[in-house]
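Heads up: the structure comes next, in structure tokens.
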């Protein structure tokens, strides 16, 4: 686990700071005679992470001018969570997927992103449908949330390593995303995409926001 949230430097104390991940995979579709995959996930993280409720208590008691999740002595806390992933072929060129994730939401968001609850569902299409076998297209709807302790921390003026603007009018962050991956030549692919985000950063007072993107993939 990193020394600070999303940091690059790791803590080399495996007897104190560590992470465990478990995955069970069942390669069996939910629709008879059509391939699919079901994956069940679980994880635990033990690290020097702050506790949202403690940070808010310091603020309420007047010890600090704003809650700070990093303002604590060295102590080991634990975050745990669960997830599920479903992929299902509908036709030879069309597949559907759904994903769900949850964590306990009491301790500091520490690795990758600030999400305590998430659900996604979408469709992917193979370009063979329009005679471009190596192309891909897709659309997905994602809904993200954070737990109550995390909400109060941000509403009182706290900041995470990714989100926070001094106040919070909480609402779930909902995203509609679409993309197209085009095979250009040999190992070269480009993928334009677009996201429409409602309540970005879980704040009803922000957005909606449109985000365009373009990715490139090159193989040698």
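Every number in this text was worked out from the coordinates using simple rules, so none of it is lab data. This structure is a prediction, so every number in the text was calculated from the model and none was measured. Cβ coordinates were reconstructed from backbone atoms using ideal geometry, including for glycine residues, and neighbour counts include every protein chain displayed.
Neighbour counts of other Cβ atoms within 10 Å put 8, 31 in the fewest-to-most order 8, 31. Here region 21-62 has an Rg and Dmax of 20.8, 63 Å, counting Cα atoms alone.
Solvent-free Debye calculation, one equal scatterer per alpha-carbon of region 18-174: log10 I(q)/I(0) at 0.10, 0.15, 0.18, 0.19 Å⁻¹ equals -0.50, -0.87, -1.06, -1.13.
Peptide packing: for 152-158, 98-104, 188-194, the average count of neighbouring Cβ atoms within 10 Å per residue gives the ranking 152-158, 98-104, 188-194, highest mean first. With the convex hull of its Cα atoms as the shape, region 39-103 has an orientation-averaged projected area of 6.5 nm².
What whole number of Å gives the distance from the Cα centroid of region 153-193 to the Cα centroid of region 50-84? Using only Cα atoms, the two centres lie 25 Å from each other. Fully extending the segment from residue 66 to residue 123, taken as 0.36 nm per residue of separation minus the present Cα-Cα distance, adds 16.2 nm.
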